[in-house]
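The values are calculated or read from the model by the stated rules, or taken from the named source; none is laboratory data. The structure displayed is predicted, hence computed values, not measured ones. Here the Cβ positions follow ideal geometry from the backbone for every residue, glycine too, while neighbour counts run over all protein chains shown. These area figures cover heavy atoms from the full protein model, side chains too; ligands, DNA and RNA do not enter into them. Shrake-Rupley method; radii C 1.70, N 1.55, O 1.52, S 1.80 Å.
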Amino acid sequence: MGCTLSKTPTYNKSISLKDDSKKETSVFRAGNVDELVSGLFDSPEVTNLQKLYLKLFYRFEKARLIAHKEIGREGISPKYKYRTFEDIFNLCRNIGSALVGKGIIEAATRIKRDDMRLVGICSENREEWFETDIICALYGLASVPIDPNIEEKKLKDLFDIIDLSIIFCSSGPALKIIANRKEYPSLKTIICFDEVPHELHTELEGDELKIYQWSELQRFTGREVMFPYILSDAVYTIIFDYNELGAFKGTLITHENMIASIAGFLDQDNDYIQGMSLTDSYLSYIPLTEIFERTMLHCLATKGAHISFYSKGDENLMEALRCFKPSFFIGFQRTYRDFYFSILQEIEKEKGDKSDSIMAKIKAKMEKLQKKGSYHEIFFDNVQFDAYKSMVGGRLKCCFSIGGPLSPFVADFLKVCLSVPICEAYGRVETCGFAAVQIPTDTAPGRVGAILPNVEFTLVDYGKLGFTTNNKFSLRRTPRGEIWLGQSTKFRGYYKEEKSQTWLKTGDIGQINSDGTLSILGQKDTIFRLANDEPIFPEKVEEIYRGCRHVNDIFIYGENMEELVAIINPHKSSVEKWARDLDLKGDFSEICGSKFIRDLMLVEIEKFAKEVKLEKSFFIKNVHLEPHSFSSLGLYDSHMHLNRSKMVQHYAKKIHYLYQEKNPL
């Protein structure tokens, strides 16, 4: 199960010469391909998701695809039951035929480029979500994922843009939509995954809006509807998000875009991915509104792996992993931090000098990881770390981190405790979520490694902050610039703003390292410089400090200033312990305002910064402790990233005070 460490990694390679007269690097592709991958290596005839799933239903007919726990009279069964590929095919065919048979959609024989029969999906993670996605792929419907927690006004704005007539949803969103149905005049049909109360049917009698239960359509016995012929450039899904002006922007993902992304992800230089098989499994807990999660599910299905769905996000996630025992996992930074703190808590429970001994073994293994690239230490793993591996199921082969930089200290800590590679990934919605993924044998932190075989990239100068791709006169000797991505299949553009683009300008600043790997430094709109002109990549610095056991969340500031200051949401247990030690009285908010507690936090984060060997310019010189979480104050965006402009506005007076206090006149 270990990595093939003797294998020479294939990173990115240049396919064109660098022209010093241009303010960009040469074009880079994955080191293991010459031409960009656009289709599955063993199935070139598969040009859309319909063809893919029809092939999978035949190939893996009796194999398990979906794992679920049944709900009976005594509650949820502790054991998993499975639905095979054949079961899912029959379900999708029945529901697809019911949609036509009941007049919910019109039958179609051919789905062309401009045919967009839109279907909303608004639910938490569950198997019906995934099954609806497959139904859309089979019958040429374009799915529109909708956050089940979307605000009423934003949902109305979305309906105004796209005139949805059909929506699949769970009971929560269904009740809200029905209560406000006058706001959605285009909506004609709701298909509810859950049981519909009789009073709802009564309320909708004589109404233009009709509601059906998923189970009702599943039992349809009418005429079977033939699958339409779907062109590869037909739209598979539209991902709506907010642009910089706060308005909706709908990214068009075609069938050929998704097929190329599946092929690229499966063809990456990763032995675990290439060896994925029917014995592998995956727990889907990340909202399926995230395109990379759907890409991952399609990749798993392509290999015959089975999938279970978990709807509570990060809540009790480790318990769900322990029960299901998946072999692959994708997580955000906050998820891996939760794992890190959970393991730390287990270590701190040990009596006497044992906890110190365990930490010493972990640090020794972390050093060996960086020197030799080894995730495994036979004696330590069997004696000490099996308990930590079992906390996430004990069967993990390979993990991926996506959504932003992962703290190097937290990453290495988890790699050695779980004895598993955690590969950092990078992508955009326009690339179906994935564009580059770190190779397992590359253990260096902070790198997204190799570009995927279906994508190419170049770096372009970003003069505003002095990032240049011409390293001839640079002390760093490493090209830096804005990342532009190209794909093997044409990106069609955005809803009602279609325009084919050769290059996608990401707005992210990247760096090509000496070995050809790619690092993501940050977003060009959030990077700032100190008074001494030192560039600060705030997301990376903040993620490092979140690895400190006393820090729950953090926001740093220092644009054009000599030093960094921070707003920290501390771990309540740390602050309360310090208060007891100092005999301080008051509630949590009052204790956070104490100068003694703030000074203790400064000492602890400086100690942590030295331990992880952070550069001096990234040291924090003053802090304000915020007792409330940033998310509860509405300071995160829809993708759970700090809204930096809101943070600055919200804490403007506090930031001003921190600099005054540090440097009084």
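Between beta-carbons, use under 14 Å as the cut-off and find the net charge around residue 62, counting Lys and Arg +1, Asp and Glu -1.
Here the charged neighbours net out to 0.
Under 17 Å Cα to Cα from residue 490, which lysines show up? Leave out anything in the same chain fewer than 8 places away.
Here the lysines satisfying the reach criterion relative to residue 490 are 112, 499, 505.
How large is the charge dipole for the chain, taken about the Cα centre, if only the Cβ atoms of Lys, Arg (+1) and Asp, Glu (-1) carry charge, to the nearest 20 debye? Present the calculation step by step, with values, prior to reporting the outcome.
Details: 87 positive and 93 negative charges, 235 e Å.
The calculation lands at about 1120 debye.
Using the C-alpha atoms of the range 465-541, what convex hull volume per residue, in cubic angstrom, is computed?
133 Å³
Enumerate the aspartates and glutamates that residue 153 could reach by cross-link, defined here as Cα to Cα under 19 Å, with residues fewer than 8 away along the same chain left out.
Leaving aside aspartates and glutamates fewer than 8 places away in the same chain, those within reach of residue 153 are 163, 183, 241, 244, 637.
For the range 91-151, taking Cα atoms only, what is the radius of gyration to one decimal and the Dmax to the nearest whole Å?
Spelled out, the Cα radius of gyration and Dmax of the range 91-151 are 12.2, 37 Å.
Percent antiparallel among DSSP beta bridges with both residues in the chain, to the nearest 5? Don't skip to the answer; put the middle values down first.
Working: 54 of 92 bridges.
Roughly 60 percent of the DSSP beta bridges within the chain come out antiparallel.
State to the nearest 20 debye the size of the charge dipole of the range 439-518 about its Cα centre, where the only charges are +1 on K and R beta carbons and -1 on D and E beta carbons. The partial results should precede the final answer.
On the way: 11 positive and 8 negative charges, 42 e Å.
Using only the charged Cβ atoms, the result is roughly 200 debye.
For residue 240, enumerate residues with amide H under 5 Å from its amide H, sequence gap 5+ or separate chain, H modeled in the peptide plane.
Hits under the 5 Å cutoff: 251.
With an 8 Å Cα cut-off and a minimum separation of 6 or more residues, compute the relative contact order for the chain in percent.
Once divided by the residue count of the chain, the mean separation gives 13 percent.
Taking 10 °C and 1.306 mPa s as the conditions, I'd like the Stokes-Einstein D for the range 554-646 in µm²/s, using the Kirkwood hydrodynamic radius from alpha carbon pairs.
Once the numbers are plugged in, D ends up at 110 µm²/s.
Jot down the per residue volume, in cubic angstrom and as a whole number, of the convex hull over the alpha-carbon atoms of the range 61-209.
Enclosed volume per residue, from the Cα hull, is 137 Å³.
Roughly how many debye, to the nearest 20, is the charge dipole of the range 527-665 about its Cα centre, given +1 on each Lys and Arg Cβ, -1 on each Asp and Glu Cβ, and no other charges?
Dipole about the Cα centre, nearest 20: 140 debye.
Spelling out what I want: for every residue of the range 201-209, take phi, set θ = phi - 60°, compute 6.51 cos²θ - 1.76 cosθ + 1.60 (Karplus), and round to whole Hz; glycine and proline get x.
Values per residue, Gly and Pro as x: 4, 5, 4, 8, 4, x, 8, 5, 7 Hz.
Taking θ = phi - 60°, what integer Hz values does the Karplus form 6.51 cos²θ - 1.76 cosθ + 1.60 yield along the range 435-445, in sequence order, with x for Gly and Pro?
Result, rounded to whole Hz: 10, 8, 9, 5, 6, x, 6, 8, 8, 5, x.
Give the accessible area for residue 441 in Å² (nearest 10); use a 1.4 Å probe, count only protein heavy atoms, and leave out ligands, DNA and RNA.
Roughly 40 Å² of residue 441 is accessible to a 1.4 Å probe.
Would you mind checking the tilt of helix 49-59 against the longest principal axis of the Cα atoms of the chain, expressed as 0 to 90 degrees and rounded to 10?
80 degrees
Kirkwood hydrodynamic radius, computed over distinct alpha-carbon pairs, for the range 185-288: how many Å, to one decimal?
Kirkwood hydrodynamic radius for the range 185-288: 18.9 Å.
Just the Cα atoms of the chain: what Rg and Dmax do they give in Å?
Using the Cα atoms of the chain, the pair Rg, Dmax is 25.9, 83 Å.
Any chance you could give the angle, 0 to 90 degrees and rounded to 10, that helix 652-662 forms with the longest Cα principal axis of the chain?
20 degrees
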